[in-house]
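Data first, discussion second: the structure below is written as C-alpha cells.
Computed from the coordinates by the stated procedures, all read-outs in this text should not be read as laboratory data. Computed from a predicted model, the values in this text were never measured in an experiment. Virtual Cβ from ideal backbone geometry, glycine too; neighbours counted across all protein chains shown.
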Amino acid sequence: MHWASLSEEPCQRRRSLQKGLSLSEAIRVESLSKRYGKLIAVDGISFSVQAGEVVGFLGPNGAGKSTTLKILAGLLEAEAGRVALFGQSVAENPRIASAHIGLMLENNPLPGKLRVGEYLRFRARMKGVASESVYQHVEKIMRYCDLYHKARHRRITSLSKGFRQRVGVAEALLGSPQIVILDEPTIGLDPHQVLLFRQLIEAFRSHYTFVISSHILSEIEAICDRILILHQGRLVADGNIVQLRREFAPEATLVLQLSGDARSLQAFEQRYPQWNYRRLKADLLADTQQMAIDFKDCLEERRAVWEAIFSYRDWKVLGLEEKRATLEDIFLAATRRHWDEKSLKG
Amino acid sequence: MKRFCFLCANEARLLGYSSVSHIGAAAFLFAMGFLFLFLLEEYTRFAQSELLAIAFFKAFWIPSLLIIPAITASLFAERLGDRSFASLRILPIRLSSILLGDWLVAYAYYLSLWAIAMLFPWMAQVLFPEIGRSMPFFPLSCALGGYAFIALSGSFFIAIGLFCSSLLRSSLVSGVLSFAFLLAHFLSGEGLRQLEALRGKSFGPPFLSPDFYNVFLQMEDFCRGIIDTRVIAFYLAGTLFFLFLAHLMLDRHSV
C-alpha cells in the first residue's frame, strides 16, 4: 500500500475550514430521537466526537447505529434533538453535512456497470472537486486505497468484496471531507482483507475524524480510540476500552501455573482473602497446580497481586497469564445491564 | 446546474452500458425499418388514401411498446434492486434533479432513436429516386408534424416508464408494467369508442370524447399540421403527473 505518499491536502483544508469553527469538537449530538412508526430507533442519545478521533459504534442489529449515522450525514431527519458538525447545526444548515462528511453506507451499494476510475471521478465531480483537478484528486485517492494499479480500469461488478470495500472507502474520502463515516466496513471481508482495511484506517488516522460502525468487536477494539455502545436506541456505554472495562467489567484474572502442594495454595488464600481464587487443575505426578486469581482491574490491585505472588516463598511460579475483559465481555455486560434496567422499570 | 450536468452525463454513460437498452434500440430500429419497407412496398403496388408518412408515423405505437420499457425499466428498478440508488441519494443533489436527469437522458435517447428512424425515408429516396418522383414520398411538413407528436407523446411515455421503474425492484416486472400502461394508453381511445357504441350515447363532456384520447387521430392531426393545444396540455400535464408520482415513490425508498 502506498501510505507514505499521503498528501497534506486534507489537513490543510481542515485547518482552513475550521477557522471560526470549534477546533476540537467535530460532532455534537444532543438528545437525538427518531422513530419509524411505533418503533423507537433512536431514543434521546447524546455524545460528542473530537476532531481526529476514531470512534466505534457498536450495537446489536436494530440498535439504531445506522439510523444515527444517517442522521449525522443529513440523510434522515431527526424527530427531536440536535446534531452539530464543527459547531454548526445540521438542521439549520443541511449543506454542511455533505461538505464535512464522507459516507460509506452499509453493504456499500455501488453501480456495478461503471469502471472504478469513472465512478470515482463522477463522485468527485458531484462532491464539488474542481473539474481541472478531478483526475489528479481521484488518482491520489486511488493510490491511497491501493486501487490505482489493480482496479482502476475494472468494472465494479468484477471486483472482489475487499476491493469493493476499498472503492467505498475511496469514495468516502473524495472531496477531502473532515469526518468519514463507515457503516459496517469490514462485513464480509476475509481476515487478510480486514487487516488491510485496518492498515488503511491507521494510515488516515491523523487526517480525518472516523466514525465506524461494526459488528466485529475485535476490529473496533483494534482500530478505535473510543467506543459507543448502542442498545435498543439508547447509548449504554461511551468511553475508551480502559474506561469501559472499569465500568462494565472491572475484574481481571491472573492464571498461575505453580509448583507446590495444595496446602501452600491454601495458605496463600488465607493470607490474602481480598481476592477470589479458583483452582483450575492439578497435575499430581508433576506436582504442579493451576490457579486463577480474580482481582479488581486497576493499577494498585495489579501491583499488589504481582507482589504477593512473587514474594510468596512456598511455591514456584512456572507460568502466568493475565486475562482482562475483552470488548465482547464489555459489550455483553453493557447490553445486559441496559436490559436489566429496562426490565426493572417495565 | 454543474452537478446536474455531471449527473446527466453519468446517467447517459450508465444507459450506454445497459445491454437491455441496446437490444431495445436494435429491436426498435429493425421494427421501424421493416415497417417502412412494408409500407413502401404496399404504396408502390396500390394507391392509398393517406400519405405514406402518416401511415409510417401512425405505426409508432408498435416500436414504442418495445423501446420505452427497454430504456426506462432499468433506470430505477435495477438500481433499487442492487441498492446502488442509495449511493446516489447520499450525494449533494436533490431527488427531483436525479429524476429529471434520468428523464432527460431517456428522453434524449428515445428522440435520437426516432431521428435515426427518420433517416429510412431519406435513405429510400437516395436509393430509389424513381419512387420519390412518382409520388409525394415524405413531405417535410408531415415529417416535422409527426416528429413533434413523437416528441410530445414521448415525454409522457418516458414519464410512465420512469414511474413504473420507481415502483419495483425488478426491472423485468417494471418493464412489463410499463408495457401494460402504454398498451392501455394506446388502446384507450378505441376502447372508449367501443364503450360509447355499446352505451348508445356519448359520455358527455368533450374531454371524455374517445377521439380526444385516440393517439392515432392525434398523430394524424399533427402530421396534417392541425395542432390541438388540449393534446399538448394533456401530454405535458401527464408527464408532470407521472414524474411527480415517480418522485413520491422514490422518496419512499429509504437510503
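Which percentage, to the nearest 5, of the DSSP beta bridges contained in the protein assembly as shown is antiparallel? Please list the in-between numbers first.
Numbers: 45 of 62 bridges.
Here the share of antiparallel DSSP bridges comes out near 75 percent.
At 7 Å along the Cα-to-beta-carbon direction for both B:R224 and B:S49, put a label point, then send me their distance in nm to one decimal.
1.1 nm
For the stretch A:228-269 and the stretch B:168-183, what is the separation of their Cα centres, given in Å?
Cα centroid to Cα centroid, the span is 60 Å.
Hey, what angle do you get for helix A:327-345 against the long axis of chain A, alpha-carbon based, 0 to 90 degrees rounded to 10?
90 degrees
Pull out the extension gain between A:T157 and A:L332, defined as 0.36 nm times the separation in residues minus the alpha carbon to alpha carbon distance; nm, one decimal. Please list the in-between numbers first.
Details: separation 175, 0.36 × 175 = 63.00 nm, distance 3.76 nm.
Length gained, A:T157 through A:L332: 59.2 nm.
If you take the beta carbon distance between B:K201 and A:K345 as r and set R0 to 60 Å, what does 1/(1 + (r/R0)^6) give as a FRET efficiency, to the nearest 0.05? Before the final figure, lay out each step's value.
Working: r = 71 Å, r/R0 = 1.18.
So the FRET efficiency works out to roughly 0.25.
Applying 1/(1 + (r/R0)^6) with R0 = 22 Å to the Cβ-Cβ distance of B:I232 and B:L144, what FRET efficiency is obtained, to the nearest 0.05? Please list the in-between numbers first.
Numbers: r = 15 Å, r/R0 = 0.69.
It comes to 0.90.
So what is the relative contact order for chain A, in percent, with contacts set as C-alpha pairs under 8 Å and at least six apart?
This gives 19 percent for chain A.
Contact order normalised by length for the stretch A:150-218, with contacts defined as Cα pairs under 8 Å and 6 or more residues apart; what percent is it?
For the stretch A:150-218, the relative contact order is 37 percent.
Can you give me the Rg/Rh ratio for the stretch B:2-254, using Cα atoms for both radii and the Kirkwood formula for Rh?
Details: Rg = 19.6 Å, Rh = 19.4 Å.
Rg/Rh: 1.01.
What is the angle, in °, between the Cα long axis of helix A:161-173 and the longest principal axis of the Cα atoms in chain A? Nearest 10 is fine, range 0 to 90.
For A:161-173 against chain A, the angle is about 60 degrees.
When chain B is treated as a GNM, springs tying every alpha-carbon pair under 10 Å, which of B:F241, B:F149, B:F76 comes out with the largest mean-square fluctuation?
The residue with the greatest mean-square fluctuation here is B:F241.
Taking a label point 7 Å from the Cα of B:W122 along the Cα→Cβ vector, which residues of the stretch B:208-247 have an amide N closer than 20 Å to it?
Taking a point 7 Å out along Cα→Cβ of B:W122, the residues of the stretch B:208-247 whose backbone N falls under 20 Å are B:223.
Kyte-Doolittle mean at least 1.6 and Cα extent at least 27 Å along the axis: which DSSP H helices of chain B qualify?
On the way: long enough: B:19-45 (39 Å, 1.17); B:61-81 (29 Å, 1.27); B:95-117 (33 Å, 1.36); B:140-167 (40 Å, 1.75); B:171-199 (39 Å, 0.88); B:229-252 (35 Å, 1.30).
Flagged H segments are B:140-167.
For chain A, which span is the longest to avoid every loop-located (per DSSP) member of GluC sites (Glu not before Pro) having at most 16 other Cβ atoms inside 10 Å? Display every interim value, and only then the final one.
Details: sites that count: A:E8, A:E77, A:E79, A:E92.
That gives A:93-346 as the longest site-free run.
Round to the nearest 0.05 the FRET efficiency obtained for A:Y277 and A:K38 when R0 = 56 Å and r is the Cβ-Cβ distance. Numbers along the way, then the final one.
Values: r = 50 Å, r/R0 = 0.90.
Rounded to the nearest 0.05, the efficiency is 0.65.
Within the stretch A:142-165, list the residues whose amide N lies under 20 Å from a label point set 7 Å along Cα→Cβ of A:A203.
From the stretch A:142-165, the list is A:142-154, A:159-165.
What's the magnitude of the charge dipole for chain B around its Cα centre, counting Lys and Arg as +1 and Asp and Glu as -1 at the beta-carbon? Answer in Debye, nearest 20.
Details: 17 positive and 15 negative charges, 152 e Å.
For this selection, approximately 740 debye.
For chain A, with only Lys/Arg (+1) and Asp/Glu (-1) charged at the beta-carbon, what is the dipole magnitude about the Cα centre, in debye rounded to 20? Show your work: numbers first, answer last.
Values: 49 positive and 41 negative charges, 261 e Å.
My answer is approximately 1260 debye.
What net charge do the residues around B:A53 carry, taking every other residue with its C-beta under 15 Å from that of B:A53, with Lys and Arg at +1 and Asp and Glu at -1?
On the way: positive: B:K58, B:R224; negative: B:E42, B:E50, B:E220, B:D221.
So the environment of B:A53 carries a net charge of -2.
Could you work out, residue by residue across A:72-81, how many beta carbons of other chains sit within 10 Å of that residue's beta carbon, and then give the average as an integer? Don't jump to the answer; show the numbers that get you there.
Numbers: counts 0, 2, 2, 5, 2, 0, 0, 0, 0, 0.
Mean shielding by partner chains, rounded to a whole number: 1.
Taking the Cα centre of the protein assembly as shown as the origin, how large is its charge dipole in debye, to the nearest 20, when only Lys and Arg (+1) and Asp and Glu (-1) carry charge on their Cβ atoms? Mind showing how you got there, number by number?
Details: 66 positive and 56 negative charges, 103 e Å.
So the magnitude is around 500 debye.
Quote the relative contact order of chain B in percent (integer), defining contacts as alpha-carbon pairs under 8 Å separated by 6+ residues. Provide the component values of the computation, followed by the final result.
On the way: 273 pairs, mean separation 70.1, N = 255.
That works out to 28 percent.
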